[in-house]
Amino acid sequence: MIDSLCDESGEEGIAVAGFYCDFRDQQEQTTTNIMGAILKQLVTRGGVLGHVQTAFQKAKMELCGRGLRLPDMVQMLKRAVATLRQVFICIDALDECLPKHLLELLGSLKEIVQESPRTRIFVTGRPHVEVEVIRYFTTGIIVPISPSKHEIKRYLEKKLEMDTTRDAMSDDLRADILRIIPERISEMYEYQ
Amino acid sequence: MDRTAYPHSINSGNSNSYNVTNIHNNITDANKVIADENTEIMRWLSPLDPGRRHQDVRTDRLDGVGNWLLETNEFREWRSSEGEADKAVLFCYGNPGVGKTFLR
């Protein structure tokens, strides 16, 4: 998604920033750090934005004041987003955040959209986080994802092509793999 | 006359080249300070680096998989409704392993 949006958004003033949540990194992936990671991607466009630099220098002067708080981060991000024509924010696997971080994250994204309504937010997650997404974005657009038989088959073909022990493969086995697995997988997702 | 002019020209040459080197060093130092500060700012903003993970996803992605999403009405509506806050969010859900991360 990030790449597709980047390909399409060659225009001046359009920025795409993304983040992948990972349950293995839950402790470090706080809302402030996630928002900071998004902001980092916006400020690398055309150098560090002046206001971020000023905030950094101010924080540096203050005793022990170097750690950023979420409200300050959201404020900076809102300012950065407002200077651009349009910003796309993509966040993968919302369900992998700690519940507390998820709510803060959605709340912060909402603040950004309220301030800059052109902002487009693309998020993915397991079905159970839909409730939380809807809580913050009641009119959000929702799309269920399931792999098509065709895509599974293409994926298997690719994997079989890369098989390092080809001797163990026969035409019959190959044909069975390509027929049975896509069927079973799509049945599996149909019932979910 | 030559003997007196010669050292002078060497001197002036040296002082010129000293100045140029000096200016060059100053510019290099200034660039280095800016670069160092930028690195520091980046670290201050967040210790996380999503770029690496994105590179992995790109490498593992099979071209064309997930392209169907770009053709859906939902995606088009989200993409084209610029400025409409109520359509700002597109949420794609699915169970583990359906390919949410690899949507293109």
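Rule-based calculations on the coordinates, nothing more; no lab input. On a predicted model such as this, the values are computed, not experimentally measured, just so you know. Every residue, glycine among them, receives a Cβ derived from its backbone with ideal geometry; neighbour counts consider all protein chains shown.
In square nanometres, what is the average projected area of the Cα convex hull of segment A:49-121?
Spelled out: convex hull of the Cα atoms, projected over all directions, averaged, 5.6 nm².
Using Cβ counts within 10 Å as a stand-in for footprinting exposure, how do A:51, A:101 rank, fewest first?
A:51, A:101
Which shape class applies to segment A:2-136: rounded if a/c is under 1.5, otherwise prolate when a/b exceeds b/c and oblate if not, where a ≥ b ≥ c are the square roots of the Cα gyration tensor eigenvalues? Don't jump to the answer; show the numbers that get you there.
Values: a/c = 1.80, a/b = 1.14, b/c = 1.57.
The shape class here is oblate.
What order, most packed first, do the peptides A:19-30, B:50-61 have when packing is the mean number of other Cβ atoms within 10 Å of each residue?
Taking the mean over residues of other Cβ atoms within 10 Å, the ranking is A:19-30, B:50-61.
Using a ≥ b ≥ c from the Cα gyration tensor of segment B:42-90 (square roots of the eigenvalues), is it rounded, prolate or oblate, where a/c under 1.5 gives rounded and otherwise the larger of a/b and b/c decides, a/b for prolate?
It comes out oblate by the Cα gyration axes.
Mind checking the mean number of beta-carbon atoms from other chains within 10 Å of the Cβ atoms in A:25-37?
Average per residue, whole number: 3.
Test of understanding: ordering A:60, B:32 by Cβ neighbours within 10 Å, fewest first, what list do you get?
If I rank by nearby Cβ atoms, fewest first, I get B:32, A:60.
May I ask you to evaluate 6.51 cos²θ - 1.76 cosθ + 1.60, the Karplus curve with θ = phi - 60°, for each residue of segment A:155-165 and list the ³J(HN,Hα) values in order in whole Hz, giving x for glycine and proline?
Karplus values, whole Hz, x for Gly and Pro: 5, 4, 4, 4, 5, 5, 5, 8, 4, 8, 10.
Please give, to one decimal in nm, the separation of the simple spin-label points placed at residue A:3 and residue A:58, each 7 Å out from Cα toward the Cβ.
Label at residue A:3, label at residue A:58, 4.0 nm between them.
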